[in-house]
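Novice: Pasting a structure here, questions to come.
The values are calculated or read from the model by the stated rules, or taken from the named source; none is laboratory data. Computed from a predicted model, the values in this text were never measured in an experiment. Here the Cβ positions follow ideal geometry from the backbone for every residue, glycine too, while neighbour counts run over all protein chains shown.
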Amino acid sequence: MKILGIETSCDETAASVVEDGRLLLSNVVASSVDLHVAYGGVVPEIAARSHLESIMPVIEKALNDALVPSHQSLITSGKKQKDWRLTTGDWRLQFDPWDQIDAIAVTQGPGLPGSLLIGVMAARTLAITKQKPLYAIDHVHAHVYAIFLTEVSSSLSTNYDLPAAAPKFPILALIVSGGHTQLVLFKDHFKYHVLGQTTDDAVGEAFDKVAKLLGLPYPGGPSIAKAAKHGNPRAIKLPRAKMQNKYDFSFSGLKTAVLRASQALVGKDYTLPSHQLADLLSETQKNDIAASFQRTALETLIAPVKLALEEFRPATVVVAGGVSANLELRRLLSKTLDTEVIYTDIKLCTDNAAMIAALGFYKAKYNRPKADPYSLEIFPDLAM
Ligand code: KG4
Ligand code: ZN
């Protein structure tokens, strides 16, 4: 079963074709991140306009990347052994890539309303005109399904470092992105319990805000990780929030503590505006702040995972979402936990449509309700 996934929840316009929830046939991601760098964060109107421009070319590329090889074999099996391009002219005149697509899966939420609308309207239109079943997908839930991708089509030129096998249930999943931080226990597909979540900022958001404070480029996660490599993670003592629910997270106090420590480092008090700090801090100070913040943020993430592992003894621990690209997080987790943790390729940690297609496959397989292409609405505040 081949599913076309469509994702437009934030600033990435993405489409992908995945077979049987595990084989990556194509993965196209067009990011408008360069347009947002000047503003130090995603500007919703710019993101929506950029989705509008990219959505159809991105979908077309995902279909073509995925389906050309099989057409090629169709043609060669028809005894035209020469270059199929020369013998057939434009193959699209003879073969419709849509013939091989069994269903469409699209991100319904959570995300920016204007961005979500573009993907959902494109998916609705295509579901109607191409007569394909449509599945509405929860973006945060889908991050975990990136880890179910275990194979890549030989025709894809990009390398992917994927897990050898799909994770086994029960799965303890730490989902860490720019908008969400959750610890979820999955008993099976669609049977899960949210053990804890952030009570304020998401961890990725905290990375982005601290990077902005230090004058490091957006997105902040990779910038902080890079600066932290040159800093001392014990240079500045920062607090870890104490939570009522031991599986919850909090990052807003940490962010304020970073601001106060930075003001003190340059000999100023709390009245110094945060946007003036970057010019006053030395390179060494910035690196030390980045390293100390990263260490504290990652320890905040890891402590509940350790407790949940001891309490629930899951078969597998997975970490998904943009922040799972952080190599220091991976190193600390393997040092702290007495079990193997499964991740996916860095390219599939951040937003993509392959994860949407993978979850779409399981929705189809487990007979989950289909979406009505005539009425499917976006759901910007959708929560697992
Ligand atoms: O999953 P994602 O692409 O989008 C959301 O669903 O939010 O996650 C984006 C977040 C951003 O906050 C970005 O700064 C963070 O992931 N991120 C990282 C790293 N790479 C991306 N955070 C820490 N370390 C990284 N290497
Ligand atoms: Zn995401």
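Novice: Cβ-Cβ distance below 6 Å, separation of 6 or more or different chains: which pairs start in the range 107-122 with a residue that is surrounded by fewer than 20 Cβ atoms within 10 Å (Cβ to Cβ) and end on one that is outside any loop (DSSP other than H, G, I, E, B)?
Specialist: Listed pairs, sorted by first residue: Gly114/Pro44; Gly114/Ala48.
Novice: Any idea which of Asp200, Asp188 is farther than 16 Å from Val144 by Cβ and of a type in the set (D, E, K, R)?
Specialist: From the options Asp200, Asp188, the qualifying one is Asp200.
Novice: Let me ask another. Just one of the numbered conditions (1) surrounded by fewer than 16 Cβ atoms within 10 Å (Cβ to Cβ); (2) within 19 Å of Asp201 (Cβ to Cβ); (3) touching a helix residue (DSSP H, G or I) at 6+ places or on another chain (Cβ under 8 Å) is not true of Tyr374; which one?
Specialist: The failed condition is (2).
Novice: Here's something else I'd like to know. Report the residue count in the range 334-354 for those that are outside any loop (DSSP other than H, G, I, E, B) and crowded, with 23+ Cβ neighbours inside 10 Å.
Specialist: Total meeting the criteria: 3.
Novice: Let me ask you something else. Keeping to the range 135-174, report how many residues are farther than 15 Å from Ser324 by Cβ, among the β-branched types (Val, Ile, Thr) and modelled with pLDDT of 95 or more.
Specialist: Qualifying residue count for the region: 3.
Okay, residues lined up against (1) acidic (Asp, Glu); (2) touching a strand residue (DSSP E or B) at 6+ places or on another chain (Cβ under 7 Å):
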site: Arg234; (1), (2): no, no
site: Gln244; (1), (2): no, no
site: Ser250; (1), (2): no, yes
site: Leu259; (1), (2): no, no
site: Ser282; (1), (2): no, no
site: Asp288; (1), (2): yes, no
site: Arg313; (1), (2): no, no
site: Arg331; (1), (2): no, no
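Novice: Among the residues that make up the range 231-249, is at least one of them over 23 Å from Val305 (Cα atoms) and touching a Lys or Arg at 6+ places or on another chain (Cβ under 6 Å)?
Specialist: Checking the range 231-249: not a single residue is over 23 Å from Val305 (Cα atoms) and touching a Lys or Arg at 6+ places or on another chain (Cβ under 6 Å).
Novice: Mind telling me which of the residues Ile128, Ile137, Ile118, Ile104 ends up being in a helix (DSSP H, G or I), more than 15 Å from Thr13 (Cβ to Cβ) and of a type outside the set (Ser, Thr, Tyr)?
Specialist: Ile128
Novice: Taking the options Ala315, Ala278, name whichever one is in contact with a Pro (Cβ under 7 Å, 6 or more places away or on another chain) and either aliphatic (A, V, I, L, M) or without any contact (Cβ under 8 Å) to a residue 24 or more places away in the chain (or both).
Specialist: Ala315
Novice: Check the range 62-74 and report whether any residue there is within 16 Å of ligand 1 (Cβ to nearest atom), in a helix (DSSP H, G or I) and either modelled with pLDDT under 90 or more than 12 Å from Ala353 (Cβ to Cβ) (or both).
Specialist: Checked against the condition, which is being within 16 Å of ligand 1 (Cβ to nearest atom), in a helix (DSSP H, G or I) and either modelled with pLDDT under 90 or more than 12 Å from Ala353 (Cβ to Cβ) (or both), the range 62-74 yields no hits at all.
Novice: Also, quick follow-up: State whether the residues of the range 376-383 include one that is in a loop (DSSP other than H, G, I, E, B), within 16 Å of ligand 2 (Cβ to nearest atom), touching a residue at least 60 places away in the same chain (Cβ under 8 Å) and among the small types (Gly, Ala, Ser).
Specialist: Within the range 376-383, one or more residues are in a loop (DSSP other than H, G, I, E, B), within 16 Å of ligand 2 (Cβ to nearest atom), touching a residue at least 60 places away in the same chain (Cβ under 8 Å) and among the small types (Gly, Ala, Ser).
Novice: Right, here's the next one. Could you please find all residues in the range 1-46 being under 30 Å from His275 (Cβ atoms) and modelled with pLDDT of 95 or more? Walk me through it before giving the result.
Specialist: From the range 1-46, those under 30 Å from His275 (Cβ atoms) are 9-12, 31-46; that's our starting set.
Within the range 1-46, just Ser9 meets the criteria.
Novice: Out of the range 250-269, which residues are out of contact with any Phe, Trp or Tyr (no Cβ under 8 Å at 6 or more places or on another chain), among the polar types (S, T, N, Q) and either assigned to a helix (DSSP H, G or I) or under 17 Å from Ala235 (Cβ atoms) (or both)?
Specialist: Once the filter is applied, which keeps residues that are out of contact with any Phe, Trp or Tyr (no Cβ under 8 Å at 6 or more places or on another chain), among the polar types (S, T, N, Q) and either assigned to a helix (DSSP H, G or I) or under 17 Å from Ala235 (Cβ atoms) (or both), the range 250-269 yields Ser252, Thr256, Ser262.
Novice: Determine if the range 315-322 includes at least one residue that is over 21 Å from the mean Cα position of the chain (by Cα), at pLDDT 95 or above and loosely packed, with under 15 Cβ neighbours inside 10 Å.
Specialist: Checked against the condition, which is being over 21 Å from the mean Cα position of the chain (by Cα), at pLDDT 95 or above and loosely packed, with under 15 Cβ neighbours inside 10 Å, the range 315-322 yields at least one hit.
Novice: From the set of residues in the range 355-369 that are part of a loop (DSSP other than H, G, I, E, B) and out of contact with any helix residue (DSSP H, G or I) (no Cβ under 9 Å at 6 or more places or on another chain), which is nearest to ligand 2 (Cβ to nearest atom)?
Specialist: Taking the range 355-369 and keeping what is part of a loop (DSSP other than H, G, I, E, B), we get 366-369.
Remaining after also requiring out of contact with any helix residue (DSSP H, G or I) (no Cβ under 9 Å at 6 or more places or on another chain): 366-367.
Working: Tyr366: 23, Asn367: 26 Å.
In this case the residue turns out to be Tyr366.
Novice: Here's another thing I want to ask about it. Just a yes or no: is a residue in the range 277-293 under 22 Å from Val194 (Cβ atoms), modelled with pLDDT of 95 or more, among the polar types (S, T, N, Q) and surrounded by 15 or more Cβ atoms within 10 Å (Cβ to Cβ)?
Specialist: Checking the range 277-293: not a single residue is under 22 Å from Val194 (Cβ atoms), modelled with pLDDT of 95 or more, among the polar types (S, T, N, Q) and surrounded by 15 or more Cβ atoms within 10 Å (Cβ to Cβ).
Novice: Do any strands (runs of 3 or more DSSP E) lying entirely in the range 141-242 carry at least 3 residues that are without any contact (Cβ under 8 Å) to a residue 60 or more places away in the chain and within 16 Å of ligand 1 (Cβ to nearest atom), and which ones are they?
Specialist: So the answer is none; nothing clears 3.
Novice: Can I ask one more? From (1) buried (at least 20 other Cβ atoms within 10 Å of the Cβ); (2) under 29 Å from Val106 (Cβ atoms); (3) away from ligand 2 (no atom under 16 Å from the Cβ), pick out the condition that doesn't hold for Val305.
Specialist: All conditions pass for Val305, except number (2).
Novice: When only residues in the range 141-182 that are polar (S, T, N, Q) and away from ligand 2 (no atom under 14 Å from the Cβ) count, which is nearest to Tyr247 (Cα to Cα)?
Specialist: So, considering only residues that are polar (S, T, N, Q) and away from ligand 2 (no atom under 14 Å from the Cβ), the one nearest to Tyr247 (Cα to Cα) is Thr150.
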